[in-house]
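Asker: Following this message is one structure expressed as structure tokens.
The values are calculated or read from the model by the stated rules, or taken from the named source; none is laboratory data. All figures in this text were calculated on a predicted structure; none of them were measured in a lab. Glycine gets a Cβ as well: all are built from the backbone with ideal geometry, and neighbour counts include every protein chain shown.
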Amino acid sequence: MTTPDPVPVTGTAVLRGAILEQRRDVALSSLLAAGQQAGSALVPVLIGVIVDVAVTSGSPGLLILWIGVLAANFVVLSYSYRFSVRAAERAAEYAEHDLRLRLTHRVLHAGGGADAGRLSGELVNISTSDAKRVGTANVVVPFGLAAIVAVLVSAAVLLTISVPLGLLVLLGTPPLLLLTHYASKPLERRSEAEQARAAHASGVAADLVAGLRVLKGLGAERTAVQRYRRTSQESLVATLRTAQAYAAQGGVVETSSGVFIAVVALVGGVLAADGAISVGELVSTVGLALFLQIPLSTTGWTTIEFAQARASAARIAAVLSAPPAVPPGAGTARQPVRGGLRLRGVTHEGLHGVDLDVAPGELLGIVSPSPAIARALLACLARETDPETGTVELDDVPLAGLDPAAVRAAVLVATHDAVLFAGTLLENVTATGAADITAALVAAAADEVADSLPDGVDSTVGEQGSSLSGGQRQRVALARALAADRSVLVLHDPTTAVDSVTESRIAGALRRVRRGRTTVVVTTSPALLAVTDRVILLDGDGVRCEGRHADLVESRSDYRETVLT
Amino acid sequence: MSDTVDTTSPLPGGRELLPVATAADTRAAVGRLLRPHRWRAVVTLAVLVAGSAVALLVAPLLGRIVDVVVAGAGSAAVVGPAVLIAVVAVVAGLLTTVGMSLLVGLGERLLARLREQFVDRALALPLEQVERAGGGDLTARVTGDVAVVGEAVRGAVPKLARAGLTIVLTLLAMGALDWRFLVVALLAVPIQIHTARWYVRNAGPVYARQRVAEGGLQQQLLDTVGGAATVRAFLLADDHVDRVRGRSLTAVDLVLRGIRLMTRFYARLNLAEFVGLAAVLVTGFLLVGNGSVTAGTATAAALYFHSLFGPISSALVTIDEALSAGASLARIVGVAELPAPGEPQHRALPMDGSVKVADVHHAYRADRPVLHGVDLDIGAAERVALVGASGAGKTTLAKLIAGVHRPTGGSISLGGVGLDELGPELARRTVVLVTQEVHVFAGTLADDLRLARPDATEAQLREALSTVGALGWADALPDGLDTAVGEGAHTLSVTQAQQLALARLVLADPPVAILDEATAEAGSAGARVLEAAATRALAGRTGLLVAHRMTQAATADRVVVLDTGRLVEIGHHDELVAAGGRYAALWEAWSATRT
């Protein structure tokens, strides 16, 4: 409920935000990186000075003085570098961390919609790899800026040596940068395609690993491997094309900066030959021209990394901007929640014109011969979706006007496919509420599950409860639903994997533990239906009949057929 | 290859990670992968050496310009060396493009082969091993580790290759100028070696912890994102965001710790640079003074040494990338190089669909036995229902017969042939297990079905779907059998997913089929649809049903009752009801609400 509602954002805004939110560290890092680059630019200048000393004076005292200056310069550049990198990496890591949390918030947002159409492996990949690439922008910015500073410092030194040389560097560098930029344009597109493919390939692999038990049961491992090989090869073809583009860009950058140095050396050499500058100044000039390769190729690296960061930011923005499955409602449920439900003319997927009333505190059974109808009903009650037509009301307030989180604070729909989370059995059950945990465990017969496990309620259940059997998982999930203690609880087939003796016990306890609050059980299990106040038989045309279980069994052959086989 | 980081430290909750290869095994595995591409590798190396060598001509050409100026040869003499510098740039650029493209292409090919081999072996792993390690371990390896190695193949490896070549060739070139330059330049080397050693020693443990933390983060994200619907239903978003935040901050903290080490590492490298450069400059001063070298040569030597700063840093900085890529590679190779599952020497063919279980014991953990000496004979085409309370060992027995696990004691044979003699290949064709776990594979519906029989025709697919009563809804999908299903695509209901599982069974067409609560997850309404589907899917096969719905037991040929790992009752439904034992109690509870 603390989660802000999803707002559409662009990739550019995501990237800009990632940098601006860390602006203190980015600025600090930029400043220090510039200092480091300036220091690095001075190294070739000092080399020239020392060569000059050797050629002209040969004085050991001067040599020692200038070596001392060189040492001081190294101290400055070394410390600037150390703290600039620390600040940049801090900015990168925290930007990545923030994006990861924003993505998690969005995926878990009560309005839903972000996980539709995406493999969860893909979403995980976006929150790790793509978030990292965007975070890296915070390293790219300071070092890109510092590279520009290095070019400027070099130009200033060159201008003091000779105006034409300085101008050459100042005017020659921008076209070089532009060239680099254009060489990286097609890369941005390719990088995007490559990342999408890589995400797909790892998504397929994660999907196969997730279905490992099924593959094993079927003996289909070999076929699955062949299928993965095809995906992997398709991904390879795409990456190879990108690799060639990267190599070509590297070549273009290297060639153009080399040619640039040749021009600087030519002009400097001619000036020195004419006596306009000294030999030492010529050495500084060529040293600077060589040194310039580093900041210049840094700008090339910057454009590549930025292209990747932009592609990743676009993928992140797509998740953050995913339209919610239900529009947010501002209202909150009437307090205290009495727990009355009313459906009027609800039509949605399998449901057609359903009118239905559940009184506060009632224990209602809903029987539906079609799983599709049950699913549509549950989705509408949880406000995972709004019905195509008709209204669902809680205590006379339409759900469509309520915040989905507010709906779920009052109404818990415990679906059949709800998962358990990594942690202990007890952590799973207590995660949702502070109600009487022991009563919930006993009512769901989950206390027996705990007894059969090595560490009782403190036993870990594995990812998605994988270390429990189906029946054990179901009972722990039921205990969790009961412990949540919502005013309205909708249970969907809670005991299908449980043996019949245990099921009877659960049915008996359900009534007791939910006394005074509304409970709807969507099931065809006679053991559960027998303890309800009233049962409704729901089919594609709406409510077909209603009454007490025992009466319906007696009077309705269609009910008997659905419930007793 | 750097020393492998040991990541096999025990995890909380009795986890035991999958194998991690040693450094030697990793090297050997890379060698094996490289072998089919050795010519490509040789050409790549040659082109890269040529490119780096050509690029080194720039410094002596610049020295040449200095000498020309000092000699007062006039401005025209400068043009020649300057034009050569431009030519060198063009040639070096071309060679770099070709060399890099070849190198990365080579790396990508090896990586593709490796990840395919990884998936191949990963899917062949015994389930117990995967479960002990946690599913996240496999997933993290196939997504995270493959990505880390891929980044290295695209970044660190080519960088290291170029830098290494440049360093070696530059030092040679300095020696060629004057041997004394080379000797004093090497003064920096002890500092660099000491620094690199210090770094690897200190960074290794930090990176190892970093990988564990990143694995934990990945696992948490999978747990949270995979269970997003449940998180929303139970309003657990805040709790899960906190969990992700905690894991993420731990990872961030360790990364920053590594960065602090790295920056101290660089400070020491700066010292080495200064010592070497000062030594080269002083040497040049002395040599120019006594006239043994020209100012141009001294310039070239100083420029050479200065131009080493970049490659040395870039080579040493890739140490940390190489460390984490090495650790990731070891984790991939650890699984990819597991021996392929062995097939027995002489295979016997099963004679029929009979199943014989003799004195079978099983324990997942030595101190907690699950089965205690179960004996069971099932005739060909017989239908047997397995009944008992949760945790009685029904699922374990089903998995043992299906060959998913190997019993810790006793023997199981199919059609008169022991599972071991049958070998995994033949066992898979003899028995299929449909579990309570429904997983619809991402891809088209037809692709999903063809997992069971890759060469099945469209007509066979439709027939299988029709057998399990699924053809109606399958045809009603937006693109029929070509509809993309599974996670992220069209979602099938639990019933539909189970029908799909049964259709796969029909396509696989094994003589023995085991259904483990295959109808339970679908909910009670779906269960009836599935029961009918299961009956048709089992026609003509030996069937073992793990039953919770007592109707399945009542209509089976025989019922077997398990209680805490022991077979306590066996017989026809009527006999067992009349006997008044455990089965009778279960039946009574079941039918009490139904009459």
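Asker: Checking B:Y364 against (1) within 11 Å of chain A (Cβ to nearest Cβ); (2) surrounded by fewer than 21 Cβ atoms within 10 Å (Cβ to Cβ); (3) at pLDDT 85 or above, only one condition comes out false. Which one?
Answerer: Condition (3) is where B:Y364 drops out.
Asker: Can we say B:R331 is under 30 Å from A:A114 (Cα atoms) and more than 7 Å from chain A (Cβ to nearest Cβ)?
Answerer: no
Asker: For segment B:561-592, name all the residues that are under 30 Å from A:R560 (Cβ atoms) and of a type in the set (V, I, T).
Answerer: B:V561, B:V577
Asker: Continuing with the same structure: Go through segment B:375-407 and give me each residue that's among the polar types (S, T, N, Q) and assigned to a helix (DSSP H, G or I). Reasoning before the result, please.
Answerer: Narrowing segment B:375-407 to residues among the polar types (S, T, N, Q): B:390, B:395-396.
Listed by number, the residues that qualify are B:T395, B:T396.
Asker: Conditions first: (1) surrounded by fewer than 20 Cβ atoms within 10 Å (Cβ to Cβ); (2) over 27 Å from A:A376 (Cβ atoms). A:R534 passes all but one, so which condition is the exception?
Answerer: A:R534 satisfies all of (1) surrounded by fewer than 20 Cβ atoms within 10 Å (Cβ to Cβ); (2) over 27 Å from A:A376 (Cβ atoms) except (2).
Asker: Ok, one more. Working only within segment A:12-54, note down all residues that are more than 14 Å from A:S284 (Cβ to Cβ), of a type outside the set (A, V, I, L, M) and part of a helix (DSSP H, G or I).
Answerer: Hits for segment A:12-54 are A:T12, A:R16, A:G17, A:R23, A:R24, A:D25, A:S29, A:S30, A:G35, A:Q36, A:Q37, A:G39.
Asker: Sticking with this structure for a sec: If you check B:A322 against the conditions, is it at pLDDT below 85 and surrounded by fewer than 14 Cβ atoms within 10 Å (Cβ to Cβ)? Explain how you work it out, then say what you get.
Answerer: Numbers: at pLDDT below 85: yes; surrounded by fewer than 14 Cβ atoms within 10 Å (Cβ to Cβ): no.
No; evaluated as a whole, the condition is false for this residue.
Asker: Next question, about the same structure. How many of the residues making up segment A:250-271 are out of contact with any Ser or Thr (no Cβ under 7 Å at 6 or more places or on another chain) and within 20 Å of B:A73 (Cα to Cα)?
Answerer: 6
Asker: A:L63 versus (1) in contact (Cβ under 8 Å) with a residue 12 or more places away in the chain; (2) more than 9 Å from chain B (Cβ to nearest Cβ): which is the lone unmet condition?
Answerer: Just one mismatch for A:L63, condition (2).
Asker: Follow-up question, since we're still on this one. Provide a single number: the residues in segment B:530-544 that are out of contact with any helix residue (DSSP H, G or I) (no Cβ under 7 Å at 6 or more places or on another chain), part of a helix (DSSP H, G or I) and not small (G, A, S).
Answerer: Our first condition is that a residue be out of contact with any helix residue (DSSP H, G or I) (no Cβ under 7 Å at 6 or more places or on another chain); within segment B:530-544, this holds for B:532, B:535, B:538-543.
With part of a helix (DSSP H, G or I) added as a condition, the list becomes B:532, B:535, B:538.
Applying the additional criterion that residues be not small (G, A, S) yields B:535, B:538.
Matching residues across segment B:530-544 total 2.
Asker: Which of the following residues is of a type in the set (V, I, T), touching a residue at least 24 places away in the same chain (Cβ under 8 Å), within 30 Å of A:V76 (Cβ to Cβ) and at the interface with another protein chain (Cβ under 7 Å from one of its Cβ atoms): B:V244, B:V200, B:V255?
Answerer: Going through B:V244, B:V200, B:V255 in turn, the sole match is B:V255.
Asker: Checking B:D67 against (1) under 30 Å from A:Y228 (Cα atoms); (2) surrounded by fewer than 21 Cβ atoms within 10 Å (Cβ to Cβ): exactly one of these is not met. Which one?
Answerer: (1)
Asker: Continuing with the same structure: In this structure, does A:D130 turn out to be of a type outside the set (V, I, T) and in a loop (DSSP other than H, G, I, E, B)?
Answerer: Numbers: of a type outside the set (V, I, T): yes; in a loop (DSSP other than H, G, I, E, B): no.
The answer is no for A:D130.
Asker: Something else about it: Pairs please, first residue from segment A:444-467 and closer than 22 Å to A:S500 by Cα and outside any loop (DSSP other than H, G, I, E, B), second anywhere and modelled with pLDDT under 85 and hydrophobic (A, V, I, L, M, F, W, C), Cβ atoms under 8 Å, 6+ apart in sequence or on different chains.
Answerer: As it stands, the answer is A:V449/A:L468, since those pairs meet every condition given.
Asker: Can you pull out every residue in segment B:565-592 that is farther than 28 Å from A:V531 by Cβ and buried (at least 19 other Cβ atoms within 10 Å of the Cβ)? Before you say what the answer is, go through the steps one by one.
Answerer: If we filter segment B:565-592 for residues that are farther than 28 Å from A:V531 by Cβ, which is where we start, we get B:565-572, B:574-575, B:578-579.
Correct list: B:G565, B:L567.
Asker: Let me ask something else about it. I'd like the residue in segment B:546-574 that is acidic (D, E) and closer than 14 Å to B:A585 by Cα and, out of all such residues, is nearest to the chain's Cα centre (by Cα).
Answerer: B:D563
Asker: Quick check on my filter: what residues within segment B:545-578 are part of a helix (DSSP H, G or I) and out of contact with any strand residue (DSSP E or B) (no Cβ under 7 Å at 6 or more places or on another chain)?
Answerer: Going through segment B:545-578, the residues part of a helix (DSSP H, G or I) turn out to be B:550-555, B:573-578.
Answer for segment B:545-578, where residues must be part of a helix (DSSP H, G or I) and out of contact with any strand residue (DSSP E or B) (no Cβ under 7 Å at 6 or more places or on another chain): B:M550, B:T551, B:A554, B:T555, B:D574, B:E575, B:V577, B:A578.
Asker: Also, quick follow-up: Does B:V146 fit the bill of being within 10 Å of another protein chain (Cβ to nearest Cβ), closer than 30 Å to B:P424 by Cβ, surrounded by 21 or more Cβ atoms within 10 Å (Cβ to Cβ) and of a type in the set (A, V, I, L, M, F, W, C)?
Answerer: Working: within 10 Å of another protein chain (Cβ to nearest Cβ): yes; closer than 30 Å to B:P424 by Cβ: yes; surrounded by 21 or more Cβ atoms within 10 Å (Cβ to Cβ): yes; of a type in the set (A, V, I, L, M, F, W, C): yes.
Judged against the criteria, B:V146 is a match.
Asker: Of all residues in segment B:467-505 being over 27 Å from B:G540 (Cα atoms) and polar (S, T, N, Q), which is surrounded by the fewest Cβ atoms within 10 Å (Cβ to Cβ)?
Answerer: Looking at residues that are over 27 Å from B:G540 (Cα atoms) and polar (S, T, N, Q), I get B:T491.
Asker: Might you check whether a residue that is more than 13 Å from chain B (Cβ to nearest Cβ), modelled with pLDDT of 90 or more, surrounded by 21 or more Cβ atoms within 10 Å (Cβ to Cβ) and not in a strand (DSSP E or B) occurs anywhere in segment A:361-379?
Answerer: no
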